[in-house]
Structures are given as C-alpha cells and as structure tokens.
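**Q** Got a structure here, written out as structure tokens. Questions coming.
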Amino acid sequence: MYPNFKPAVKFWLDGKNYSLVSDDSKKVSFMIPLASHKKGFDYYELDNVNGGVVFSLVTMLGFKTIKKSSSKIINDELPYDDWRYLIDEVMSPHLRSEEYQALKKGYAKTSTGCFGMLAVLFISFLLVIKNL
C-alpha cells in the first residue's frame, strides 16, 4: 500500500534517530524522540481513512497531543516527489508553529482544567473572607 510513502518520509528523516513503530494495513508510523523532552516524540503517520489515506505529523508529550497537522485525504498513490512535497507542506507549518517552538525551547502549554480552576476560586474566596 502506497509504496512511495516510506522512501519519501525517510528522505525527511535522514540523519535523525527514528524508528518505525507501526507498519500495518491501518497505519504506518515513524517516531522521532524530541531532544527537548525525555517523553516527547514526533510521529509521521499515514492513516487509512474512508478508502484513502491521510498523512499527519503529531507531536506528543507523554500521552498528551501538543500539535497535530494533517493533509487532506489522498485517494491514489502519489509519485515519490509528490509525497516529499506533501510531507513538506504539512511538516513546515507544523514545525514553525507557536506550540512546537515553545516545546522545542522546553515549554509546554498546559491547562489548569476544572480542578485547577476550582482551586483558584477557592483560594480567592478564602482571601476575600480573610480580608473582611
């Protein structure tokens, strides 16, 4: 399936410490560890969807997705050069994104979530009561 995809991805991964983590009929996935985070990885993936495939670049920190960029659905095999172009078309804006650049510098956007918001409100409430 899509035999020109792997050589095209390997063109972009040449010289990097990558591994092929999935290679079956549902997904082809290459993983690259991030230098800035011990638990950070970039995944270059080709997923089967709706009779075609979608190329995605996914940056993860542990189990959290930091950034995901994807192509449109591809229904036919592309020539090697077209795969290289498509990968670059997804990869370039992904790697220049604010989220990716922050992660590369050692930062990661996080959200406080519901519990964090409740804790902030509770502490604020206590401070208001104390000042009365």
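**Q** What relative contact order, as a whole-number percentage, does region 2-112 give when Cα pairs under 8 Å and 6 or more residues apart are counted? Provide the component values of the computation, followed by the final result.
**A** Numbers: 180 pairs, mean separation 25.1, N = 111.
Computed over region 2-112, the figure is 23 percent.
**Q** As a check on your grasp of the helix formula, calculate [θ] at 222 nm for the chain: sum -39500 (n - 2.57) over DSSP H runs of n ≥ 4, divide by the residue count, round to the nearest 500. Present the calculation step by step, with values, prior to reporting the outcome.
**A** Working: 4 runs with 52 residues, N = 132.
After summing the helix terms and dividing by residue count, I get -12500 deg cm²/dmol.
**Q** Right, next: Once phi is turned into θ = phi - 60°, what whole-Hz ³J(HN,Hα) does the Karplus curve with 6.51, -1.76 and 1.60 give for every residue of region 12-20, x standing for Gly and Pro?
**A** Going residue by residue, I get 6, 8, 3, x, 9, 7, 10, 9, 8 Hz, with x marking Gly and Pro.
**Q** Using a cut-off of 13 Å between beta-carbons, work out the net charge of the residues near Arg84 (Lys and Arg +1, Asp and Glu -1, Arg84 not included). Please report the intermediate quantities before stating the final value.
**A** Values: positive: Lys6, Lys10; negative: Asp14, Asp81, Asp82, Asp88, Glu89.
That works out to -3.
**Q** Quick one: which of Lys16/Lys72; Lys38/Lys130; Lys72/Lys105; Lys105/Lys130; Lys6/Lys104 span more than 32 angstrom between C-alpha atoms? If you can, show how the numbers build up before the last one.
**A** On the way: Lys16/Lys72 26 Å; Lys38/Lys130 43 Å; Lys72/Lys105 30 Å; Lys105/Lys130 40 Å; Lys6/Lys104 26 Å.
Over 32 Å Cα-Cα: Lys38/Lys130; Lys105/Lys130.
**Q** Compute the angle between helix 113-131 and the longest alpha-carbon principal axis of the chain, please, reported from 0 to 90 degrees and rounded to the nearest 10.
**A** 20
**Q** Around Leu13, what is the net charge, scoring Lys/Arg as +1 and Asp/Glu as -1 over all other residues with Cβ under 12 Å from its Cβ? Mind showing how you got there, number by number?
**A** Numbers: positive: Lys6, Lys10, Lys16, Arg84; negative: Asp14, Asp42.
Net of charged neighbours comes to +2.
**Q** May I ask for the angle, rounded to the nearest 10°, between helix 80-96 and the longest principal axis of the chain, with both axes built from Cα atoms and the value confined to 0 to 90°?
**A** 10
**Q** For the chain, with equal point scatterers placed on the C-alpha atoms only and solvent neglected, what are the log10 I(q)/I(0) values from the Debye formula at q = 0.09, 0.12, 0.14, 0.16 1/Å, to two decimals?
**A** -0.37, -0.55, -0.68, -0.82
**Q** Another question about this same structure. Could you give each residue of region 55-66 its phi-based ³J(HN,Hα) in whole Hz, using Karplus coefficients 6.51, -1.76, 1.60 with θ = phi - 60°, and x for Gly or Pro?
**A** Running phi through 6.51 cos²θ - 1.76 cosθ + 1.60 with θ = phi - 60° gives 8, 9, 10, 10, 9, 10, 10, x, 9, 9, 7, 8 Hz.
**Q** In terms of solvent-accessible area of protein heavy atoms at a 1.4 angstrom probe, what is the ranking of Ser69, Ser19, highest value first?
**A** Working: Ser69 20, Ser19 45 Å².
Result, largest first: Ser19, Ser69.
**Q** Take Val49, Val28 and sort them by solvent-accessible surface of the protein heavy atoms, 1.4 Å probe, largest at the top.
**A** Val49, Val28
**Q** So for the chain, taking the charge dipole from beta-carbon charges (+1 Lys/Arg, -1 Asp/Glu), which of Leu61, Asn17, Asn50 sits furthest toward the positive end?
**A** Going by the Cα projections, it comes out as Leu61.
**Q** May I ask you to evaluate 6.51 cos²θ - 1.76 cosθ + 1.60, the Karplus curve with θ = phi - 60°, for each residue of region 25-31 and list the ³J(HN,Hα) values in order in whole Hz, giving x for glycine and proline?
**A** Once θ is set to phi - 60°, the couplings for region 25-31 become 6, 9, 7, 10, 9, 10, 10 Hz.
**Q** Also, I was wondering about something else. Could you work out the local net charge near Met60, counting Lys and Arg as +1, Asp and Glu as -1, over the other residues with Cβ closer than 10 Å to its Cβ?
**A** Numbers: positive: Lys39, Lys64, Lys67, Lys68; negative: Asp42.
Charge balance in the 10 Å sphere: +3.
The values are calculated or read from the model by the stated rules, or taken from the named source; none is laboratory data. Source: prediction; values computed, not measured. Using ideal geometry, Cβ is built from the backbone for each residue, glycine included, and neighbour counts are taken over all protein chains shown. Accessible surface is based on the protein model in full, side chains and every heavy atom, while ligands, DNA and RNA are left aside. Shrake-Rupley method; radii C 1.70, N 1.55, O 1.52, S 1.80 Å.
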